Amino acid sequence: MIAAYRQSWRTHPGFNILFLCAMTTAWGIYALLYTAALPWGSNQANVLVFVVAALCLIFIFGTPRYGFKPTAVHYAIMAVTLLPSLPNGQEIIRQSGLFF
């Protein structure tokens, strides 16, 4: 799996660099949320979390024609990147009163 991912770096270095920059930006947004002490479910947190989701969606639909292994690595990285935003979604649902 690592060899296939390294090969993807040789064939599409620009895409991989953009992907890493986008995921670094996403984690920087999480750091901003933490340092600014923005509460989950607030308007500011919603906007920032939607930016993270948009970054991931761009790379979900814009992935070059890789084999399964490099694509699986990218999707795993995006899944780990989206995990911290789950409390925001839960807070939005709680505030909406739809399921409670």
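The values are calculated or read from the model by the stated rules, or taken from the named source; none is laboratory data. Not measured: the values here are computed from a predicted model. Cβ placement follows ideal geometry from the backbone for every residue including glycine, while neighbour counts extend to all protein chains displayed. For the accessible areas, the whole protein counts, side chains as well, though only heavy atoms, and no ligand, DNA or RNA atoms are used. Shrake-Rupley method; radii C 1.70, N 1.55, O 1.52, S 1.80 Å.
Summary table below
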| read-out | value |
| --- | --- |
| Gain on full stretching of the segment that runs from Val51 to Ile93 - 0.36 nm per residue minus C-alpha separation | 13.3 nm |
| Relative contact order (%) - criterion: Cα under 8 Å, at least six apart; region: the chain | 38 |
| Positive minus negative residues near Ala4 (Lys, Arg vs Asp, Glu; Cβ under 12 Å) | +3 |
| Helical segments meeting 24 Å axial Cα length and Kyte-Doolittle -1.0 threshold in the chain (DSSP H) | 13-35, 43-61 |
| Carbon/sulfur fraction of accessible area - the stretch 1-54, other protein chains in place, 1.4 Å, % | 73 |
| Accessible area per residue in Å² at 1.4 Å probe, computed on the chain | 65 |
